[in-house]
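So the structure is just underneath, and the comments pick up after that.
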Amino acid sequence: MKNIILIILSLCLFLSSCFSNREEKQINGKLECLPLKYATHLKIFKANGYFIVNIRNPWDTTKILHSYALVEKTSNVDLPADNNLTVIKTPVEKSLIFTSLHASLIKNLGCKDCISSLCDVEYVLDEDLKNDIATGKIKNLGSSMNPDVEKILVESPEIIMLSPYQTSGSFGLLGKTKIPLVECADYMENSPLAQAEWIKFYGLLFGRGNFADSVFLDIEKNYINLKEIAKGYSSRPKVLANSLTGAVWYMPAKKSTAAIFYMDAGFGYPFVNLEGFGTVPLNFESVFAKAADADCWIVKYNRTVDYNLESFAAENPNYKKFNAFKNKNVYACNLSYIPYYDQTPFRPDLLLKDLIKIAHPQAFEGYNLRYFKKLE
C-alpha cells in the first residue's frame, strides 16, 4: 500500500512533463508510459491492475485537463484518495453518452449493451442505436446542452462521456453528481490519425483495450497505404472546400484536419497560407480569387432534400462562376442521413478513400463513394 501511494504521488508530480515526444517512459520502474504515435492531448500509463490516463488541456497545453485511474473491477489495487485523480472501475458496463459519435464508436467496439442512456438522440443515425432508443433499451436523457440531472441520477451510469469545451469548467450541476465525467477531447486533435488514436483510451474504459489497439493498427495501416497510393498520382487537382454560411465562407486552415485530409488525398489545396488549426472566416471575393479555377468542389450540408446543381446554385447564384460548378464536378454529403460525423473521426481511412476517388477518379476501380455524391 505504501509503495502504491508513493507511485501515485510521484506520478502526480510528473504529470505536467508527461506530454513530451518520448514514446516510452518508466516511472519508478512501475508505471510504463504506453507509446502513442499521433495523439498529442492524451497519455496512457500502465501499471499492475490499473492504468493512469492524462488528458492535456487543449486550450492551455501547460496544464492537465483531467487525470483518470482506470482500475479493473476484479483488482485488489487500493488507490489513495486524490482530488486530481478520477477513479473509474473497468470494464464500464453502464454509460451515459452525450454524442452520437462516441455512441457509434462504443457500438463498433462491441459494447453497444454498455450504452444505457444517450443525449441528443435526434442526431443518432445508426439504425441499431435508433431501435434501442425506440424500445427504451437506451434511455433518452434530453439535450446535452441542458441535461436532466435528476434523470441522470436515477439512471446512475458508471461514467458520463461528454465533449469538453474551453469554458465548460466543472460542468455545473453535472459535475456535482460524483459520476465520473470522461472528457472526450479527441476532437481537439489536429490530424486524422491523432483523433482516431483515442480509440485506445475508450477501449480501455470498456475492457476492450487489446481489441481497440488492433482496430487502430488496421486503421493506421489502411490510412498510410491510401496516402501512398495518392502520392503515386502526378496530378494535383485543385480543391475548393465548403460553401457560404450566410455571408461567411469558413475555410480550413493549413494545419486543420480537413486540410490535411485534402493534401493526403492528393489534392492541391489553394488555402495553405491560412494559419491555424481550425477554420478561417473569409468573404466570397477572397475565396473566388484563389479558387475560381478549382477542379473539384467538396461540400457538406444538412437538409431534408438532397441538393442538385440547380438547387445548390439557388443558395447563391455566384456559385455558378466557379469552374468546378461549370464542369459539374461538385461533390456533396448530406449530413441529415449520411453518418459522416459519426464515422470519419475514428475511421479516417474511409474518408481518405472517398477523397482520393474524387481527386483521382481512375483510382479504386468499381468503388462507390461512401459519403459523397456528385451533383447532377
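Looking only at strands (runs of 3 or more DSSP E) that fall completely inside the range 233-297, which ones have 1 or more residues that are in contact with a Cys (Cβ under 9 Å, 6 or more places away or on another chain)?
Hits in the range 233-297: 239-241.
Can we say Asp186 is open to solvent by 20 Å² or more (accessible area, probe 1.4 Å), assigned to a helix (DSSP H, G or I) and of a type in the set (D, E, K, R)? Spell out the reasoning first.
Working: open to solvent by 20 Å² or more (accessible area, probe 1.4 Å): no; assigned to a helix (DSSP H, G or I): yes; of a type in the set (D, E, K, R): yes.
When the stated conditions are applied, Asp186 does not pass them.
May I ask you to verify whether Ser156 is open to solvent by less than 10 Å² (accessible area, probe 1.4 Å), touching a residue at least 60 places away in the same chain (Cβ under 8 Å) and farther than 30 Å from Lys353 by Cα?
On the way: open to solvent by less than 10 Å² (accessible area, probe 1.4 Å): no; touching a residue at least 60 places away in the same chain (Cβ under 8 Å): yes; farther than 30 Å from Lys353 by Cα: yes.
So Ser156 fails the test.
Can you pull out every residue in the range 200-219 that is outside any loop (DSSP other than H, G, I, E, B) and either within 25 Å of Pro147 (Cα to Cα) or among the basic types (Lys, Arg) (or both)?
Let us first name the residues in the range 200-219 that are outside any loop (DSSP other than H, G, I, E, B), namely 200-205, 209-219.
Once the filter is applied, which keeps residues that are outside any loop (DSSP other than H, G, I, E, B) and either within 25 Å of Pro147 (Cα to Cα) or among the basic types (Lys, Arg) (or both), the range 200-219 yields Lys200, Phe201, Tyr202, Leu205.
Based on what the data block shows, is Ile219 among the β-branched types (Val, Ile, Thr), in contact with a Pro (Cβ under 8 Å, 6 or more places away or on another chain) and open to solvent by less than 30 Å² (accessible area, probe 1.4 Å)?
Numbers: among the β-branched types (Val, Ile, Thr): yes; in contact with a Pro (Cβ under 8 Å, 6 or more places away or on another chain): yes; open to solvent by less than 30 Å² (accessible area, probe 1.4 Å): yes.
Yes: the conditions hold for Ile219.
Within the range 262-307, which residues are within 26 Å of the chain's Cα centre (by Cα), of a type in the set (D, E, K, R) and surrounded by 14 or more Cβ atoms within 10 Å (Cβ to Cβ)? First the steps, then the outcome.
Within the range 262-307, the first condition is being within 26 Å of the chain's Cα centre (by Cα), and the residues that meet it are 262-282, 296-304, 306.
Then drop every residue that is not of a type in the set (D, E, K, R), which leaves 264, 275, 300, 303, 306.
Within the range 262-307, Asp264, Lys300, Asp306 qualify.
Hey, among the residues in the range 82-107 that are over 14 Å from Leu181 (Cα atoms) and surrounded by fewer than 17 Cβ atoms within 10 Å (Cβ to Cβ), which one's modelled with the highest pLDDT?
The qualifying residue modelled with the highest pLDDT is Glu93.
May I ask you to list the residues in the range 133-153 that are surrounded by 21 or more Cβ atoms within 10 Å (Cβ to Cβ) and either assigned to a helix (DSSP H, G or I) or of a type in the set (Asp, Glu) (or both)? Full working, then the answer.
To start, the set of residues in the range 133-153 that are surrounded by 21 or more Cβ atoms within 10 Å (Cβ to Cβ) comprises 138, 141, 147, 152.
Once the filter is applied, which keeps residues that are surrounded by 21 or more Cβ atoms within 10 Å (Cβ to Cβ) and either assigned to a helix (DSSP H, G or I) or of a type in the set (Asp, Glu) (or both), the range 133-153 yields only Ile152.
What's the number of the only condition in (1) in contact with a helix residue (DSSP H, G or I) (Cβ under 8 Å, 6 or more places away or on another chain); (2) open to solvent by less than 70 Å² (accessible area, probe 1.4 Å) that Leu173 fails to meet?
Unmet condition: (2).
Within the range 350-376, count every residue that is assigned to a helix (DSSP H, G or I) and farther than 15 Å from Gly266 by Cβ.
Taking the range 350-376 first, the residues assigned to a helix (DSSP H, G or I) are 350-359.
If we keep only those that are farther than 15 Å from Gly266 by Cβ as well, we get 350.
Within the range 350-376, residues that are assigned to a helix (DSSP H, G or I) and farther than 15 Å from Gly266 by Cβ number 1.
Could you please let me know if Cys114 is touching a Pro at 6+ places or on another chain (Cβ under 9 Å), buried (at least 18 other Cβ atoms within 10 Å of the Cβ), under 14 Å from Leu204 (Cα atoms) and touching a residue at least 12 places away in the same chain (Cβ under 8 Å)? Steps first, answer last, please.
Details: touching a Pro at 6+ places or on another chain (Cβ under 9 Å): yes; buried (at least 18 other Cβ atoms within 10 Å of the Cβ): yes; under 14 Å from Leu204 (Cα atoms): yes; touching a residue at least 12 places away in the same chain (Cβ under 8 Å): yes.
Yes.
Considering each residue of the range 308-339, count those that are crowded, with 19+ Cβ neighbours inside 10 Å and among the hydroxyl-bearing types (Ser, Thr, Tyr), and give that number.
Matching residues across the range 308-339 total 2.
The values are calculated or read from the model by the stated rules, or taken from the named source; none is laboratory data. The model shown is predicted, which means the values in this text are computed figures rather than measured ones. Positions of Cβ are backbone-derived with ideal geometry, glycine not excepted, and every protein chain shown enters the neighbour counts. We work out accessible area using only protein heavy atoms, side chains counted, and drop any ligands, DNA or RNA first. Shrake-Rupley method; radii C 1.70, N 1.55, O 1.52, S 1.80 Å.
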